[in-house]
């Protein structure tokens, strides 16, 4: 959100936003962009879509891991 506000205040084009954003990303966030082709790296919408998709996929994996790690409280327990 803050990035979007700065971009709007500076009247950045989508290509300018893409350039600034890609230069700011580090580590695992930057690694996500390794799968994009050169033309996609100049497309702000494609960059943000790739980042959102990866975050969504990570959240699903965490949720699946968390749910399988929880004890099954629905089943009656035998004593």
### Query
So is residue 55 surrounded by 14 or more Cβ atoms within 10 Å (Cβ to Cβ), under 13 Å from the mean Cα position of the chain (by Cα) and at pLDDT below 95 or not?
no
### Task
Go through the stretch 16-29 residue by residue and tally those that are exposed (fewer than 12 other Cβ atoms within 10 Å of the Cβ) and touching a helix residue (DSSP H, G or I) at 6+ places or on another chain (Cβ under 9 Å).
2
### Task
Go through the stretch 9-25 residue by residue and tally those that are closer than 19 Å to residue 52 by Cβ and over 20 Å from the mean Cα position of the chain (by Cα).
0
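To keep it simple, each residue is scored yes or no on (1) in a helix (DSSP H, G or I); (2) free of Cβ contacts under 8 Å to residues at least 24 places away in the same chain.
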{"site": "5", "(1), (2)": "yes, yes"}
{"site": "11", "(1), (2)": "no, yes"}
{"site": "22", "(1), (2)": "yes, no"}
{"site": "30", "(1), (2)": "yes, yes"}
{"site": "38", "(1), (2)": "no, yes"}
{"site": "55", "(1), (2)": "yes, yes"}
{"site": "59", "(1), (2)": "yes, yes"}
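The values are calculated or read from the model by the stated rules, or taken from the named source; none is laboratory data. Quick caveat, the model's predicted, so the values are computed rather than measured. As a convention, Cβ positions derive from the backbone with ideal geometry for all residues, glycine included, and neighbour counts pool all protein chains shown.
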